[in-house]
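All remarks here apply to the structure that follows.
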Amino acid sequence: MTGTMLALVKERPERGATLTEVNIANVAEDEVLVKIDYASICGTDVHIYVWNEWAQNRIKTPHIMGHEFAGHVVETGRSVRGFKEGDFVSSETHIYCGHCYQCYTGHSEVCQNLQILGVDRAGAFAEYIAVPERVLWKNDQSIPAAWASIQEPMGNALDTVNSESVSGKTVLITGAGPIGVLAVGIAKAFGVTQLFVTDLSDYRLDLAKSMGADFVLNPGRDDVEAVIREQTHGIGVDVVLEMSGSERAMHQGLKALTPGGRMSMLGLPDRPVTIDLTNEVIFKEIRIYGITGRKIFSTWQTVSRLLASRIVDPSSAITHQLKFEDWQTGMDAMVAGTCGKVVLQIAGR
């Protein structure tokens, strides 16, 4: 396909972005061209927009932002066999090489030659996107397109929740950002018996409550550890899911975690943190998991089934559905933290 398309472009190495016309990408022989229906804003997109230190060291301008989307196939490369025009698809955003040690041993999400969609190559805040066939996912037709666009971050939440079984466990989620709120619904679906959520934003705590949290706590005014000890009869929680990237939240989580418990960490601190490994981890025999990306494609299979069955309904987590041209409203809400998941309608805008 030739011609131009509307795209949200990081044109210069400074705060901001521009909605502008660019050329539609040519499709390589192993790629698929997708007309995007919906794309959702991620924290990574916010980093690129505000042009923080990470973005300055990683992004080359001009660059099309965005990586979470759902749409329909409009063109396939000559070697593509698994997809055809009209297929309803989304994409794994970790584009793996398929031939390094990690790929061979079932950890392609941390491929040594990893490229990330919307970071290392043109992204999904556009009317069309070209992606390799190997990372494309065929969506269940019963899933609303706006929901389908958030499967990628929902996969982050799923792998954080399910590093180990949570069935019958008590759980603390530190951080009620969009992924933390999605994790609430997933944790409840997998049989958590008590679910605590902490955040400094009452707005986001309300979202967590609407997704099924049993207790929401604001560390700015609540004694998190005391409440958890009281509600768990002095035991503490079995599992901590760290979604905030806050050093303070990490310490609160480790203190609230019962000896022999598990912490899974998805939140990204913006600087090195200090943890008392002797007393907070080793003497308590804590198991810590670092989470990045999703299992390709087993996590996608589970997320798809949760959404198609309506066992997890993400409606409460999706607070904004906006037209593409209103992207600034969504980005401002993300920067301010006054939103859950923000979804942009690209097609039919």
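All of the numbers you see were taken from the coordinates with simple rules; none came from a lab. From a predicted model like this one, the values you see are computed outputs, not experimental measurements. Neighbour counts are summed over all protein chains in view; Cβ atoms, including those assigned to glycine, are modelled from backbone coordinates with ideal geometry.
Please express the shape of region 147-236 as an equivalent ellipsoid: the semi-axes are the square roots of 5 times the eigenvalues of the C-alpha gyration tensor, given largest first in whole angstrom.
Values: eigenvalues 91, 54, 17 Å².
Whole-Å semi-axes of the equivalent ellipsoid: 21, 16, 9.
Projection of the Cα convex hull of region 182-274, averaged over all directions and equal to a quarter of that hull's surface, yields 6.0 nm².
Counting Lys +1, Arg +1, Asp -1, Glu -1, what net charge surrounds Pro178 among other residues with beta carbon under 10 Å of its beta carbon? Cβ neighbours under 10 Å give a net charge of +2. For region 156-290, with the dipole built from +1 on Lys and Arg beta-carbon atoms and -1 on Asp and Glu ones, taken about the Cα centre, which of Thr278, Ser210, Asn162 lies farthest toward the positive end? Farthest towards the positive end: Asn162.
With each run of n ≥ 4 DSSP H residues scored as -39500 (n - 2.57), what mean residue ellipticity at 222 nm is computed for the chain after dividing by its residue count and rounding to the nearest 500 deg cm²/dmol? It would help to have the intermediate numbers written out before the result.
Numbers: 11 runs with 93 residues, N = 349.
Here the helix-only value at 222 nm equals -7500 deg cm²/dmol.
The distance between label points at Leu19 and Asp313 comes to 3.1 nm (points 7 Å beyond Cα on the Cα→Cβ vector). Among the listed options (1) 141; (2) 121; (3) 130, the one matching volume of the Cα convex hull per residue in Å³ as calculated from these coordinates is (3).
Return a whole-number percent for the relative contact order of the chain, with Cα pairs under 8 Å and 6 or more residues apart as the contact set.
Working: 780 pairs, mean separation 60.4, N = 349.
About 17 percent, as a whole number.
The alpha carbons of region 46-175 occupy a box of 50, 39, 34 Å along the principal axes, longest dimension given first.
For a test of understanding, tell me how many lysine pairs in the chain have Cα atoms under 21 Å apart, given they are 8 or more places apart or on different chains. For the chain, qualifying lysine pairs total 18. Per residue, the average separation of C-alpha pairs within less than 8 Å and at least 6 apart gives region 156-290 a relative contact order of 23 percent. One quarter of the surface of the convex hull around the alpha-carbon atoms of region 310-349 equals 3.2 nm², the direction-averaged projected area.
If you take the beta carbon distance between Asp120 and Asp223 as r and set R0 to 41 Å, what does 1/(1 + (r/R0)^6) give as a FRET efficiency, to the nearest 0.05? Intermediate values should be presented prior to the final figure.
Working: r = 44 Å, r/R0 = 1.06.
Result of the calculation: an efficiency of 0.40.
Sorting 246-252, 322-328, 268-274, 150-156 by average packing, meaning the other beta carbons within 10 Å per residue, from highest down gives 150-156, 246-252, 322-328, 268-274.
Residue separation of Thr105 and Lys60 scaled by 0.36 nm, minus their Cα-Cα distance, works out to 13.1 nm of gained length.
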